[in-house]
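Engineer: Once you've had a glance at the structure underneath, I'll fire off some questions.
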Amino acid sequence: MEFSEERSRVGWWALAIALAAALAFVAYAFVGTLVLGLFIYYGSRPIYRRVTRHVESKTLAAAGTIFLLSLPALALVGYTVAVGVRELSAYTGAAIGTYYSHLFPGATSVPDLLAHPQRLLTSDFRSLWSDFTTAIESLGIVSRGLLTLFLSVSFAFFALRDGNRLADWFRGEMGEDSAVVAYVSAVDSDLAIVYFGNVLTVLLVGVAATLLYNWFAAISPDGVAFPLPTVFALLTGLATFVPIVVGKLVYVPLTLYFGWEAFEVDSKLLWFPLAFFLVSLVLLDLLPQTVVRPYISGRTTHTGLVMFAYILGGVLFGWYGIFLGPLVLVLVVQFADIVFGDLVHGRRVTPTSSLSIGSNPPDEARSDEKDERK
C-alpha cells in the first residue's frame, strides 16, 4: 500500500515537473508579452485599488482602469513616437510624397493615384512588386506588435481582476508566515515600486519634455535652431529610465550645442542655452527625482542597481529588456535578502530580511490587503 502511494506521488511530481517545463517554455516564447503585461498591471494596480473602493464589480473596475487610463497612456506614448518619427523624416528630407512620386511618376499621394489610375501604366512594376512585398512584411510586423499589445493588456486585465484570489490561494497553500510567501510578497512590493514609480515618472517627464522643448523651439532666437524637439523630448523621457543620470544624457549636450550656436552668432544670445539648461535641470531632473518619483513610489530603491538593470536589460534583451531587467534584479535582490543567508548557513529558511535593501514583505502584504478591502 505504501509502495503504491509512493509511486503515485512520484507520478504526480513527474507530471508537475512536465507542466512546469511547459509553462516555462511558453513564458520563454512570449517573454516580451509577459513582461509588458506585468508593466501594465503594476502601472494600473494602484489606480485599480482606488477604483474598487467606489465600484463593486471587479470586472468593471479592471476594464475601466485599463481602457480609460492605461490604454490612453500607451496611446500618448505612441503618438509622441509617431510625431518624433515624422520630425525625423522631415529633418532628413524623406518626405512621404517622395515615395509615391518615385513609384508612380506625377502622383504624390494615394488619393491622387486613385483619381488618375492611368498613371499605373507608367509605373515601374518591378519596383511596385518589391514595395508590395515590403509592405506585406511591414504589415506582419505591425500585426505582431498589435497582438503583443492585445495579449499584454488582456494579461493585465485578468491579473487585476483575479490577482487577489490567486494571492489568497497561494497564501493558503503555502502558509501565511512561510518564507515563500514572504519572498513573493517582497518581490511583488518591489516590482510595484520599480514599475509604477519609475515608469510613470518616465511618462510624465516625456510629456513635460515634449511641451518644454517645443516651447523653447518656438521662442528660439534667430541663429539658434532647435532641431527635432519632439525627438529629443522622447529621448529625454527614455533617459529618465536610468536613475541618477536621467535627462542629463540629452539636455546637457543640447545646452552645449545651443551655446556653440549662440557664440557663433552673437554672445548676447547665450541667455537661451542658459535658460534652457536651468529650466530643464529643475523641471526634467531635480523635480522628478526629488519629488515626483518618491511621491509616486512611496519609498526609494537602490538606484545604482536599478540603473544597471535598465541599461543591461535593454542591451541584452532588446525592447522588453527595460522591463525584464528590473524583474530579474528584484528576484535576485529579494532572494539574497530573504533566502541566501539561511540557505548558505544550513538554517531553516525564515521570512526575515537580512540585507534590508528591499520591501518589508509582511508589512507590505498586510498594507496591500487593507487597501484592497477598504
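Engineer: Using Cβ contacts closer than 10 Å as the measure, can you line up ASP177, ASP190 from fewest to most?
Structural biologist: Details: ASP177 11, ASP190 27.
Sorted ascending by nearby Cβ count, the order is ASP177, ASP190.
Engineer: I've got another one for you. Which of LEU19, LEU283 comes first, and how do the rest follow, when ranked by fewest Cβ neighbours within 10 Å? Could you put the intermediate results ahead of the total?
Structural biologist: On the way: LEU19 10, LEU283 16.
Ordered from fewest to most neighbouring Cβ atoms within 10 Å, LEU19, LEU283 come out as LEU19, LEU283.
Engineer: Hey, another quick one. Beta carbons within 10 angstrom, averaged per residue: use that to sort the peptides 155-163, 212-220, highest first.
Structural biologist: Ranking the peptides 155-163, 212-220 by packing returns 155-163, 212-220.
Engineer: Could I ask something else about it? Sort THR236, THR59, THR33 by Cβ crowding within 10 Å, fewest neighbours at the top. Don't skip to the answer; put the middle values down first.
Structural biologist: Details: THR236 27, THR59 13, THR33 19.
The order, fewest Cβ neighbours first, is THR59, THR33, THR236.
Engineer: Right, here's the next one. What FRET efficiency comes out for the pair TYR257/LEU316, r = Cβ-Cβ distance, R0 = 30 Å, nearest 0.05?
Structural biologist: 0.45
Engineer: What are the ³J(HN,Hα) values, in whole Hz, obtained from phi via the Karplus relation 6.51 cos²θ - 1.76 cosθ + 1.60 with θ = phi - 60°, for each residue of region 329-344 in sequence order, with x given for Gly and Pro?
Structural biologist: My calculation for region 329-344 gives 4, 4, 4, 5, 4, 6, 5, 5, 6, 9, 9, 4, x, 5, 5, 5 Hz in order.
Read-outs: derived from the displayed coordinates by stated rules, not from any lab. No experiment lies behind these values; they were computed from the predicted model shown. Cβ coordinates were reconstructed from backbone atoms using ideal geometry, including for glycine residues, and neighbour counts include every protein chain displayed.
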